[in-house]
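Please treat every number below as a calculation from the coordinates, not as lab data. Quick caveat, the model's predicted, so the values are computed rather than measured. As a convention, Cβ positions derive from the backbone with ideal geometry for all residues, glycine included, and neighbour counts pool all protein chains shown.
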Amino acid sequence: MTVADLVVVGGGPAGAAVAWEAAAAGARVVLAHDGRAPWQPVGQQLAPAARAVLRRMGVDGRAAALARPVHGARSVWADPSAVDEASMLFNPYGPPWAVDRRVLDGLLRMAAREAGVRVVRARARAERAGGGGWRVAGLDDGPVPVPVVVDSTGASSAVSRGRLARRRADRLRCTVWRIPAAEAGPQPWSLVEAVPYGWWYTAPGPAPGGDLTVLQVQGAGGRAPCVPPPHTAARLRCPGPLPRPAAERVATVGRAAPPWAPGLVAAGDAALSVDPLSSSGLRHALELARPAAHAALGLVDGDEAAAAGYAELVAGAFARHLAERRAHHTAAAHYGREPFWRHRSTTGAGD
Ligand SMILES: Cc1cc2nc3c(=O)[nH]c(=O)nc-3n(C[C@H](O)[C@H](O)[C@H](O)COP(=O)(O)OP(=O)(O)OC[C@H]3O[C@@H](n4cnc5c(N)ncnc54)[C@H](O)[C@@H]3O)c2cc1C
């Protein structure tokens, strides 16, 4: 039977980084990773500021070699006929990276293993045991008794659902396509285009000359046709409906309030899930991993101070995110009267 201080359930970016931090602080850590590929393996961007965490974990060089810089961000936002362009050249952290999540997540788990974490390929089930601890089943050598579990199972919040309260600000229907790049050349820029019912996003993947990722986002109740708006259609050279999507999912914008309880800490999307418009879910998951790990280690020793501090960080990050989101949605002035935009330019004002 394994002896561990913590079991971290879920081996995505949050779980791997929390496990790494806890092991670096001297804890005995098991990380359960179910081996599933991310639902959107390519097409996500890693915000430049998050690279400080990769550096800390010793994987920034390897990640840089496998990612692709995205040098420009174009948007068609306040005025449907004008394309704004922001260069990333003067960003002190450099440009964002187009990442392959299978590669990034694998690198982070490898760093955790190198830091002494026991990484187990298993779909874990955490059940409450007597005395306030847990019994984690599904691991390779039988159930593990453990005082503290970290829920880093992503949006499913598989361990903390029903155990931690959640505040939900929004639900969004996200549809993803992979479309061959129509233009010659590397196209190292992203494009966001507002439409009355939501917005469209296109960006290069991590492979040079590979497909473009196309994302349509609308309110969760909506079913807008899969016809890209003008600037997106021109980039794709595809004026009509797109073929069958590669993936669909309803994403929530919300947080666990608070993201801990005795013996339990939520991390990553299980603690805080942001609007895909911000391309900052990975950054939040990575940057909040250290305080999440310290919250969990504090609970192992019966000390709740670090957990309370972590809760404040999560609440602050969510309030900032909602404020930025309101500003961006208000700025899409052309569509200000449409229900999608009206709702999102006010949501969370009281949070
Ligand atoms: C449409 C869309 C686009 C996005 N684009 C971006 C972007 O461009 N940039 C960005 O920074 N963020 C983006 N995000 C957000 C980003 O995907 C998440 O914030 C990030 O994946 C959170 O990481 P995580 O580790 O918390 O969860 P996840 O990445 O979901 O990882 C959770 C892991 O836990 C595993 N798991 C679940 N249950 C169990 C179990 N019982 N046992 C073991 N393992 C388990 C899962 O298989 C998975 O590997 C986007 C989100 C959406 C919805």
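Reported to the nearest whole Å, the Cα centre-to-centre distance from the range 1-68 to the range 215-238 is 33. Charge dipole of the range 5-68 (Cα centre as origin; +1 on each Lys and Arg Cβ, -1 on each Asp and Glu Cβ, all else neutral): 240 debye, rounded to the nearest 20.
Ranking of 200, 39, 189, 134 by neighbouring Cβ atoms within 10 Å, starting from the fewest: 39, 189, 134, 200. About its Cα centre, the dipole of the range 209-351 is roughly 860 debye, where the only charges are +1 on Lys and Arg Cβ and -1 on Asp and Glu Cβ. Among 339, 147, 228, determine the one that fluctuates most according to a GNM of the chain built with springs between C-alpha atoms less than 10 Å apart. For the chain, modelled as a Gaussian network with Cα springs under 10 Å, the answer is 339. Entry note, the chain: relative contact order of 21 percent, from Cα contacts under 8 Å with a spacing of 6+ residues. Mean sequence separation of contacting Cα pairs (under 8 Å, at least six apart), scaled by the length of the range 216-351, corresponds to a relative contact order of 17 percent. Considering the range 124-273, its Cα convex hull presents a mean projected area of 11.6 nm².
Computed from point charges on the beta carbon alone (+1 for Lys and Arg, -1 for Asp and Glu), the dipole magnitude for the range 134-240 about its Cα centre is near 520 Debye.
With kT/(6 pi eta Rh) evaluated at 10 °C and eta = 1.306 mPa s, and Rh the Kirkwood radius from Cα pairs, the range 261-351 diffuses with a coefficient of 110 µm²/s according to Stokes-Einstein. Among 114, 193, a tally of other beta-carbon atoms within 10 Å of each Cβ gives an order, fewest to most, of 114, 193. With the Kirkwood sum run over all distinct C-alpha pairs, the range 14-106 has a hydrodynamic radius of 15.4 Å. Based on the reciprocal of the average 1/r between different C-alpha atoms, the Kirkwood radius for the range 194-280 equals 15.4 Å. Taken over the chain, the convex hull of the Cα atoms encloses 129 Å³ per residue. As a length-normalised measure over Cα pairs under 8 Å and 6 or more apart, the relative contact order of the range 19-89 settles at 16 percent.
Shown for 197, 93: other C-beta atoms within 10 Å of each C-beta, ranked fewest to most, produce the order 93, 197.
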